[in-house]
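Here's the structure, in C-alpha cells; my notes come after.
The values are calculated or read from the model by the stated rules, or taken from the named source; none is laboratory data. Since the model is a prediction, treat every value here as computed from it, not as a measurement. Using ideal geometry, Cβ is built from the backbone for each residue, glycine included, and neighbour counts are taken over all protein chains shown. Note: accessible area is taken over every heavy atom of the protein model, side chains too, but ligands, DNA and RNA are not part of it. Shrake-Rupley method; radii C 1.70, N 1.55, O 1.52, S 1.80 Å.
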Amino acid sequence: LAITTDILFNGRLSEYKYNYSWERCSLRKFLNGPFIKIAFSNDEQEWLDKSVNSKEDSVFLLSEKLVTIYFPKRTDRVCLNGNSWLTCSLGADKERVVYIDYYGEIDVRGIFANSKSGIRPVIRLKF
C-alpha cells in the first residue's frame, strides 16, 4: 500500500447526507475510475493491483482501524498542509463518517458524508 503524505484534493464521500456506505459512495467510484486515468500514466496504471477476482479497490480511503495501525501516533496523522481528512468508516450514524482533524485526532462522531474535507487516497500496488 502507498498513501499520500498530504491531501490531494477536497471532496465528499457522497452527494447525499443519508444512508452513507463506502460500497455505494460516489467518491469510491471516482477513485477507481476517472481518478486512476487522471492521476496515473498507462505505465503507472500497470503497477496498480486491479485483480478481477478481488473485491478490494485499487484506490481507497483508510478505515478508522487502518488509520490506527498505519499511523499509531497522533502526530503521524497530521497532513503537511494541516487540513483534516476523511476515512471510509461510518461515524456516529449512517449520515456521518469518521475523519482525522487538523491536529491528527480521530473524530469518531464524524462529519456528514456529504461535507467536503481532505481526500488522502491509498493505492494498492502489485508486488
Largest to smallest accessible area among Arg120, Arg12, Arg96 [probe 1.4 Å]:
Arg12, Arg96, Arg120
Picking from Tyr18, Phe30, Ser58, whose Cα lies most toward the positive end of the charge dipole for the range 12-69 (charges on Cβ: Lys, Arg +1; Asp, Glu -1)?
Tyr18
Could you give the accessible area per residue of the chain, probe 1.4 Å, as a whole number in Å²?
59 Å²
Karplus (6.51, -1.76, 1.60) ³J(HN,Hα), θ = phi - 60°, over the range 107-115, in Hz, Gly and Pro reported as x:
9, 6, 5, x, 10, 4, 4, 9, 7
Quick one: which residues, 5+ away or cross-chain, put their amide H under 5 Å from the amide H of Cys88? H built at 1.01 Å from N.
Leu62, Ser63, Glu64
Quick one: Kirkwood hydrodynamic radius for the chain, alpha-carbon pairs, angstrom, one decimal?
14.8 Å
Sparse-neighbour loop sites [chymotrypsin sites (Phe, Trp or Tyr not before Pro); the range 1-40; at most 13 other C-beta within 10 Å; DSSP]
Tyr18
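Using 0.36 nm per residue, how much length does the chain from Asp76 to Lys94 gain when fully extended, once their Cα-Cα distance is taken away?
On the way: separation 18, 0.36 × 18 = 6.48 nm, distance 2.77 nm.
Taking 0.36 nm per residue and subtracting the Cα distance, the gain is 3.7 nm.
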Please turn the phi angles of the range 12-19 into ³J(HN,Hα) values with the Karplus equation 6.51 cos²θ - 1.76 cosθ + 1.60 (θ = phi - 60°), one per residue in order, whole Hz, x for glycine and proline.
10, 6, 8, 6, 10, 7, 9, 6
Looking only at lysines whose Cα falls under 19 Å of Lys50's and that sit 8 or more positions away or on another chain, we get Lys29, Lys37, Lys126
Applying the Karplus parametrisation 6.51 cos²θ - 1.76 cosθ + 1.60 with θ = phi - 60° to the phi angles of the range 75-92, what ³J(HN,Hα) value in whole Hz is obtained for each residue in order, glycine and proline being reported as x?
5, 6, 8, 6, 7, 4, 8, x, 8, 7, 9, 8, 10, 9, 7, 5, x, 5
Given R₀ = 30 Å, what would the calculated FRET efficiency be for Lys29 paired with Asn83, taking r from the Cβ atoms and rounding to 0.05?
0.80
